[in-house]
1. What number of residues in segment 231-241 are within 17 Å of residue 262 (Cβ to Cβ) and small (Gly, Ala, Ser)?
2. For a quick check of your reading of the model, give me the residue pairs whose first member lies in segment 280-302 and is farther than 15 Å from residue 253 by Cβ, whose second is of a type outside the set (Lys, Arg) and not in a helix (DSSP H, G or I), with beta-carbon atoms closer than 7 Å and at least 6 apart or on different chains.
3. Determine, yes or no, whether residue 244 is in contact with a Lys or Arg (Cβ under 9 Å, 6 or more places away or on another chain), within 27 Å of residue 302 (Cβ to Cβ) and not basic (Lys, Arg).
4. For segment 69-84, which positions are surrounded by 15 or more Cβ atoms within 10 Å (Cβ to Cβ) and either under 14 Å from residue 181 (Cβ atoms) or touching a Lys or Arg at 6+ places or on another chain (Cβ under 6 Å) (or both)?
5. Kindly indicate the residue of segment 334-354 that is open to solvent by 70 Å² or more (accessible area, probe 1.4 Å) and within 17 Å of residue 35 (Cα to Cα) and also farthest from the chain's Cα centre (by Cα) among those meeting that condition.
6. Can you spot a residue in segment 175-187 that is of a type in the set (Gly, Ala, Ser), under 21 Å from residue 317 (Cβ atoms) and either open to solvent by less than 70 Å² (accessible area, probe 1.4 Å) or in contact with a strand residue (DSSP E or B) (Cβ under 8 Å, 6 or more places away or on another chain) (or both)?
7. Going by the conditions given, is residue 57 open to solvent by 40 Å² or more (accessible area, probe 1.4 Å) and either under 18 Å from residue 320 (Cα atoms) or of a type in the set (Asp, Glu) (or both)?
8. Of everything in segment 223-246, what is assigned to a helix (DSSP H, G or I), touching a residue at least 60 places away in the same chain (Cβ under 8 Å) and out of contact with any Gly (no Cβ under 7 Å at 6 or more places or on another chain)? Give them in sequence order.
Amino acid sequence: MQDSDPTVPGPRPLLPDPLRRLAAWCALLLLVSGVVYVGIRLCDEFRTAVVPVLLALLGTALLGPLHRRLVKAGVQRSVAAGLTCVAVVAVVGGAVYIVVAALIDTGDEIVVSLRQAARGISEYFGAAGTSLDDLASNARELLGKFGGSAASGVISGVSVVGEAIAMAVLALLLVFFFLRDSDKAAGTLRALSPRGSADTLEAMARRAFQAVEGFMRGTTFIALIDALCITVGLLVLDVPGAAGLGALVFVGAYIPYLGAFISGAVAVLVALADRGFVIALWVLGVVLAVQVLEGHVLQPVIQSRTVQMHPAVVMVAITAGASVAGVLGMLLAVPLTAAAFGVLQELRTRYESQEPSASGTS
């Protein structure tokens, strides 16, 4: 049997190298997109179990430094985890109680102020303002006319609220266990890892969790600045309950867009009820100025540094999360994207470190 002549050229490929590489990348992109889509669909089907786990991971990333300080101070791990969870419940519950109590105390004044504002608008805009006043005065008739649909909406709303409360309680319990057993996480992951991949999986998990911690630190810093700015503005304008409203702003900052809208609307309504239409407009201006500062300066700059992602990626991630899962998607989009970027960066670092050694041994 004769050997083939190496000087004779072999069969030429159908496609040039650039096109074959492009086809390989397209196939990889389609494969990854399919896996991500299937994962999202599975998470949506099992959202009552998946959402508490994801929220608990965010809470663990946020509360981890406090828990570690308590453990270093000599507090037993279970006690430190319990104290951390109790502190969170106290802060969030106290803020909600203060705001709700303020709204209940000033509820009648808010309604009266809204009616007066509608009359004031009617003096300037005629029929349009009068229609607003008529709508406010005929609210009971409108509710009676559409009572059936309103009742069904209330029933569905109650079920949604009940599901949300159940998931929140489960997430809080998971935060306790995650904090208490955080020192065993690396050992458990290494025990479950396939042979030879324990180091890589542990490094990827650590990098992903560090990215989530960076996101939570950045969000907390932004929330603190927003709360301080709005609280100072409310104190200057002599709006009652400024501390409680500032606490609501701080908690609402963890829900992108919607949390800022709700907390700002509550502040404007309280100012309208107690201080009148002009002061309410000033409060609205303060809220809008703080939101512009957050959206155009704080959010892109701080999150891009703590999460180590470009501001455009942060904005696209929030938009994509909102389109997939609404408000919850907006909350989880950036930390999940940051975790994915952390994993990819760790894989790239390990691949680049192994490539020179492989080429050197060949």
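The values are calculated or read from the model by the stated rules, or taken from the named source; none is laboratory data. Nothing here was measured: the structure is a model prediction, and the numbers come from that model. When we count neighbours, we look across all protein chains shown, and the Cβ atoms used for this are built from the backbone with ideal geometry, even at glycine. All accessible areas refer to the heavy atoms of the entire protein, side chains included, with ligands and DNA or RNA removed. Shrake-Rupley method; radii C 1.70, N 1.55, O 1.52, S 1.80 Å.
1. Going through segment 231-241 one residue at a time, the tally reaches 1.
2. 282/237; 283/237; 283/239
3. no
4. Scanning segment 69-84 gives 71, 77, 80, 81, 82, 84.
5. So, considering only residues that are open to solvent by 70 Å² or more (accessible area, probe 1.4 Å) and within 17 Å of residue 35 (Cα to Cα), the one farthest from the chain's Cα centre (by Cα) is 344.
6. no
7. no
8. 225, 226, 229, 243, 244, 245
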